[in-house]
Amino acid sequence: MFHIGQSVTHPIHGAGQITGTIEQRSVQGPRMYYILTLQQGGLQLYIPCDGCEKAGLRPTITPQEAQSLLRALPALTAENNTNWNRRYRENMEHLRSGDPMQVALVIKSLSVRSGTKPLSTGEQKMLTTARQILISELSVALACTRQEAENLLRAALT
């Protein structure tokens with residue numbers, strides 16, 4: 001499905017690259033694993049080759065898709081659910097979807113909310129996670145530094 005050197009995105013950990021080799025490990029019986037080295041921190045994840053879809057692994061967005069996402073971000077409508085529990089669950093579903101537009105929606109929603117009310121600790125952590133995921137993908141897609149991608153995201157939100 002993927003090849004060595006390909007940039008991919010994990011829905012919870014962000015962008016990375018399939019590196020070096022594909023090893024066979026015996027964690028739950030002998031299986032082939034992709035070694036995914038994450039952009040942020042260099043953490044390595046071992047993802048079963050036959051379980052990539054289940055894990056939500058997908059190719060990183062293209063530069064055109066990244067630009068399109070940044071242009072669409074100001075027009076996204078922030079969800080305004082007053083029930084904290086429901087809002088948290090919905091945002092978590094958006095993050096787990098792996099869809100960069102859904103991750104951007106979480107960022108927009110929580111950023112708008114933080115402008116009117118302080119976010120709970122859980123929502124603040126979720127906002128930080130969503131930002132890290134999207135910034136890592138934008139920096140890979142646009143071949144720029146994390147700081148440049150963060151600046152682009154910040155500009156799109158204002």
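The values are calculated or read from the model by the stated rules, or taken from the named source; none is laboratory data. These figures come from a predicted structure and were not determined experimentally. Ideal geometry is used to build each Cβ from the backbone, glycine not excepted, and the neighbour counts take in all protein chains shown.
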The condition of being among the acidic types (Asp, Glu) and within 19 Å of Gln39 (Cβ to Cβ) holds, among Glu123, Glu93, Glu79, Glu137, only for Glu137
Among all residue pairs at least 6 apart or on different chains, which show Cβ distances below 6 Å where the first residue, located in the range 122-138, is on the phi > 0 side of the Ramachandran plot and the second is small (Gly, Ala, Ser) and surrounded by fewer than 24 Cβ atoms within 10 Å (Cβ to Cβ)?
-> none
What do you reckon, is Gly98 within 19 Å of Pro11 (Cα to Cα), out of contact with any Phe, Trp or Tyr (no Cβ under 6 Å at 6 or more places or on another chain) and not assigned by TED's automatic domain parsing to the domain that holds Glu53?
-> yes
Does the range 55-79 hold any residues that are among the polar types (S, T, N, Q) and either within 21 Å of Ser111 (Cβ to Cβ) or part of a helix (DSSP H, G or I) (or both), and which are they?
-> Gln64, Gln67, Ser68, Thr77
Output the number of the condition that Glu90 fails; it satisfies all remaining conditions of (1) assigned by TED's automatic domain parsing to the domain that holds Leu152; (2) more than 23 Å from Ala155 (Cα to Cα); (3) among the acidic types (Asp, Glu); (4) touching a residue at least 12 places away in the same chain (Cβ under 8 Å).
-> (4)
